[in-house]
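Here the structure comes first, spelled out in structure tokens, and everything after it is commentary.
The values are calculated or read from the model by the stated rules, or taken from the named source; none is laboratory data. This one's a predicted model, so the numbers in the text were calculated from it and none came from an experiment. As a convention, Cβ positions derive from the backbone with ideal geometry for all residues, glycine included, and neighbour counts pool all protein chains shown.
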Amino acid sequence: MLKKLIEVVLVFAIIMSSIALGIIVGGDIVDGYNSRKLVSSTYQSLTDSEGEKAKSQVKYGDILGIIKIEDIDFEGVVYEGTTQEILKKGVGHFQETPVEDGNICFAAHNTNKFWAKLKDVKRGSKILYRNYQGEKEYEVFSIKQIEETDSSLIENTEENMVTLITCVKGQKNKRLCVQAKQKNI
């Protein structure tokens, strides 16, 4: 009798584990599909004639462009703003920083969906940023941890560059900061 009860409990546990795994994997597949679909449609809208009109009227929550970091296989949509609401959807653009030239600054969550692998970027890695003005290529020159209160690295610069900021896992007061300079064409 006890042996039969253990078998039933094991079968039940296996079924429940399979269902849970299916929900998790299925959710990740759907999220990945939706993310790729949004990136694809954003690429299209960036090349449409509406782009000229849209870039002059950027508001909180608007899609600004796409950022791609090849070394970590990341490609995501950039939204105007860095609130939790925005960062749940994608990469956020610090509103107080330029959109086109100077030090363009972005933030994203340190999750598998976004920048968990940002720590694996190396000096010399390529970052592409595409917006309504076209696409620019940047090369990573600095990777460091900063205090969460340090805003000195998002100040504007004469040089065209991007600054990427995300949390450091297990260190709530630290941020990972990756900076890349625009490559001369």
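With respect to Ser152, determine if the residue is exposed (fewer than 15 other Cβ atoms within 10 Å of the Cβ), at pLDDT below 95, within 19 Å of Lys181 (Cα to Cα) and out of contact with any Lys or Arg (no Cβ under 6 Å at 6 or more places or on another chain).
For Ser152, the condition - exposed (fewer than 15 other Cβ atoms within 10 Å of the Cβ), at pLDDT below 95, within 19 Å of Lys181 (Cα to Cα) and out of contact with any Lys or Arg (no Cβ under 6 Å at 6 or more places or on another chain) - is met.
Pairs, please: C-beta under 9 Å, at least 6 apart or cross-chain, first residue assigned to a strand (DSSP E or B) and at pLDDT 90 or above and in segment 60-71, second among the polar types (S, T, N, Q) and surrounded by 15 or more Cβ atoms within 10 Å (Cβ to Cβ)?
From residues that are assigned to a strand (DSSP E or B) and at pLDDT 90 or above, the pairs are Ile63/Thr42; Leu64/Asn131; Gly65/Thr42; Gly65/Asn131; Gly65/Gln133; Ile66/Thr42; Ile66/Asn131; Ile69/Ser125.
Determine whether Lys88 is touching an Asp or Glu at 6+ places or on another chain (Cβ under 9 Å) and either exposed (fewer than 15 other Cβ atoms within 10 Å of the Cβ) or at pLDDT 95 or above (or both).
No: the conditions fail for Lys88.
Identify all residues within segment 103-134 that are closer than 30 Å to Gln57 by Cβ, surrounded by 13 or more Cβ atoms within 10 Å (Cβ to Cβ) and of a type outside the set (Phe, Trp, Tyr); write none if there are none.
Within segment 103-134, Asn103, Ile104, Cys105, Ala107, Ala108, His109, Lys113, Ile127, Leu128, Arg130, Asn131, Gln133 qualify.
Mind checking whether some residue in segment 141-148 is in contact with a Phe, Trp or Tyr (Cβ under 9 Å, 6 or more places away or on another chain), surrounded by 13 or more Cβ atoms within 10 Å (Cβ to Cβ) and of a type in the set (Asp, Glu)?
Scanning segment 141-148 turns up no residue that is in contact with a Phe, Trp or Tyr (Cβ under 9 Å, 6 or more places away or on another chain), surrounded by 13 or more Cβ atoms within 10 Å (Cβ to Cβ) and of a type in the set (Asp, Glu).
So the check is Cβ under 8 Å with 6+ separation or different chains; which pairs have a first residue in segment 91-111 that's farther than 14 Å from Gln179 by Cβ and outside any loop (DSSP other than H, G, I, E, B) and a second one that's of a type in the set (A, V, I, L, M, F, W, C) and at pLDDT below 90?
Close Cβ pairs (under 8 Å, with a partner that is of a type in the set (A, V, I, L, M, F, W, C) and at pLDDT below 90) amount to His93/Val99.
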